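Asks: There's a structure below that I have some questions on.
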Amino acid sequence: MKIIIRFLRRLIFLLLILLSAACLYQIAAFAVSGQKLPSVLGYSSVTVLSGSMEPAFSAGDQLIIRRKTQYEPGDIISFWSDDILITHRLVEQTDEGSITKGDNNNTRDEAPVRPEQIAGRVVLVLPGAGNILLFLRTPIGILMILLLGLLIWFLPGLINRMNGYGKRCRK
C-alpha cells in the first residue's frame, strides 16, 4: 500500500510540475518573444470564451490546435482577426481566402481568412478544462498550485510522524 501511495504522490507532484512549467512557458514566451500563441512541439492551447461553436464545443472548453499546410472545408480552425483569436468552421475556400462560420451563428463571418491569419486546426477538445486553466493563470491559482504541491509532498511524512507519535503514546 505504501508503494502505491508513494507512486501516486510522485505522479501528482510530477503533473503539477508539468502544469506549472507549461503555464510559465506560455507566460515567458509571450513576455520575451512576443508570441501571441506559444506552441510546444507544434501544438498550441486555446480556451473557448464564447458559445459561437456550440454544440461542437462550449465556452470554457480547452482546444488543442496544430498548424497545417492545408485546410479543408469542414475543418474547425483558429485564426487571427485583428488581435483576437477566433475559432470557427471553415465552410468554403475561395480565391480571396477561407470563408468561416460559427456553428451557432446565423451568418458567415464577414471577411475571408487569409492563410497567414490561420493559427491552426482543432485536433482535440477538452471539455471544461479551459475554465480550470484560466483560473490557474491567476495569482490565486498559481498560489494554490504551489500550496497543493507542498501539501502533497509533505503530508505523507506528517501522517507517518503522527502515526508514530500515537503508537509511542499507547505503550
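The values are calculated or read from the model by the stated rules, or taken from the named source; none is laboratory data. Just so it is clear, the structure is predicted and the values come from calculations on it, not from any experiment. A quick note on method: Cβ atoms are made from the backbone with ideal geometry, for glycine too, and the neighbour counts reach across all protein chains shown. Surface areas here come from the heavy atoms of the whole protein model, side chains and all, with no ligands, DNA or RNA. Shrake-Rupley method; radii C 1.70, N 1.55, O 1.52, S 1.80 Å.
Asks: For the stretch 90-97, indicate whether the set of residues that are open to solvent by less than 50 Å² (accessible area, probe 1.4 Å) and within 21 Å of A59 (Cα to Cα) is non-empty.
Replies: yes
Asks: Just one of (1) open to solvent by less than 90 Å² (accessible area, probe 1.4 Å); (2) within 30 Å of R6 (Cβ to Cβ) trips up D109, so point out which.
Replies: Against the list (1) open to solvent by less than 90 Å² (accessible area, probe 1.4 Å); (2) within 30 Å of R6 (Cβ to Cβ), D109 comes up short only on (2).
Asks: Checking T87 against (1) within 19 Å of P112 (Cβ to Cβ); (2) under 17 Å from the mean Cα position of the chain (by Cα); (3) modelled with pLDDT under 90, which test does it fail?
Replies: With (1) within 19 Å of P112 (Cβ to Cβ); (2) under 17 Å from the mean Cα position of the chain (by Cα); (3) modelled with pLDDT under 90 applied to T87, the lone miss is (3).
Asks: Output the qualifying pairs, or none if there are none: Cβ atoms under 6 angstrom, residues six or more apart or on different chains, first residue in the stretch 51-77 and buried (at least 20 other Cβ atoms within 10 Å of the Cβ), second residue aromatic (F, W, Y).
Replies: I77/Y71
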